[in-house]
Amino acid sequence: MTSQAYLDTIKAKTGLGPDDFRAAAAAKGLLGPDVKTARIVAWLKEDYGLGTGHAMALVSALGQVPGQRLPVEEKITAQFGGTKAHWRPTYDALLAHAWQVGEVTLAPTNTYISLLKGTKKFAIVQVTAGRLDLGLKLPGVDGADALEASGSWNSMVTHRMRLTEPAGLTDDVLAWLRRAYDVA
């Protein structure tokens, strides 16, 4: 499910869009850099009956990570512009899988998107026109097939998977993502 598909489903279920939720969150004091993602997710589950994946899609649409100038979703969207646009469905599918595993917070920079479990980074995503790189934090794990040491690519993770086509998001890739989440 893509981020937009999550938001469309939420709209169909509740009649509310991101702007409505932003206003409701502001009224409850749930916006701002000091508000924890888990608190917003709990509110969305309790008050609106949303599941974790749907709640996390809204958190992404609502929130700002401290120190960022753009809202999270705008910063992510900017990374999939132009010749990189064909990677967005692959990223959305990867993110949907991560949300099924557990709570995930997104922290995009100008060049990549960090995936966090609580405050611990377990993965990063970086796209170019020709490739989606998935960095995973898997200390003590030897490489296997498509899993390689990250080397100098990014010191925030231990391993890297290079997807050269959108169909490269296989069950094996998702299993490595889950393993990184579990050890975080």
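In the full protein context, the chain carries 49 Å² of accessible surface per residue, based on a 1.4 Å probe and ignoring ligands, DNA and RNA.
Across the accessible surface of the chain, with the other protein chains kept in place and a 1.4 Å probe, carbon and sulfur atoms take up 52 percent. Here the Karplus relation 6.51 cos²θ - 1.76 cosθ + 1.60, evaluated at θ = phi - 60°, turns the backbone of region 113-128 into coupling constants of 10, 8, 10, 10, 10, x, 9, 9, 6, 10, 7, 9, 10, 9, 10, 10 Hz, with x for every Gly and Pro. Across the alpha-carbon set of region 1-49, the Rg to Rh ratio works out to 0.97, Rh being the Kirkwood radius. Only one item in (1) 28, 17, 15; (2) 39, 16, 12; (3) 26, 20, 15 matches semi-axes √(5λ) of the Cα gyration tensor in Å derived from the coordinates shown, and that item is (1). Spin-label pair Asp19-Ala93: with each label point 7 Å from Cα along the Cα-Cβ axis, the two points sit 3.3 nm from one another.
Over the C-alpha atoms of region 12-120, the Rg to Rh ratio, Rh being the Kirkwood estimate, stands at 0.95. Straight-line cross-link reach from Lys84 at under 29 Å between alpha-carbon atoms covers these lysines, not counting any fewer than eight positions away in the same chain: Lys11, Lys75, Lys117, Lys120, Lys121, Lys137. Close amide H pairs (under 5 Å, H built 1.01 Å from N) link Leu16 with no residue at least 5 positions away or on another chain. Mean residue ellipticity, 222 nm, helices only, the chain: the sum of -39500 (n - 2.57) across DSSP H runs of n ≥ 4, divided by residue count and rounded to 500, is -13500 deg cm²/dmol.
Looking at region 65-169, the trypsin sites (Lys or Arg not before Pro) that sit in a DSSP loop and have at most 12 other Cβ atoms within 10 Å of their own Cβ are Arg69.
Once every Cα of region 73-115 carries one equal point scatterer and solvent is ignored, give the base-10 log of I(q)/I(0) from the Debye formula at q = 0.20, 0.28, 0.31, 0.33 Å⁻¹, two decimals. Log-scaled intensity ratios, in q order: -0.63, -1.09, -1.20, -1.24. Heavy-atom accessible area for Tyr48, with the other protein chains in place and a 1.4 Å probe, reaches approximately 60 Å².
The values are calculated or read from the model by the stated rules, or taken from the named source; none is laboratory data. No experiment lies behind these values; they were computed from the predicted model shown. Cβ sites come from the backbone with ideal geometry, for glycine too, and all protein chains shown count toward neighbours. These accessible areas exclude ligands, DNA and RNA; they are computed on the full protein's heavy atoms, side chains included. Shrake-Rupley method; radii C 1.70, N 1.55, O 1.52, S 1.80 Å.
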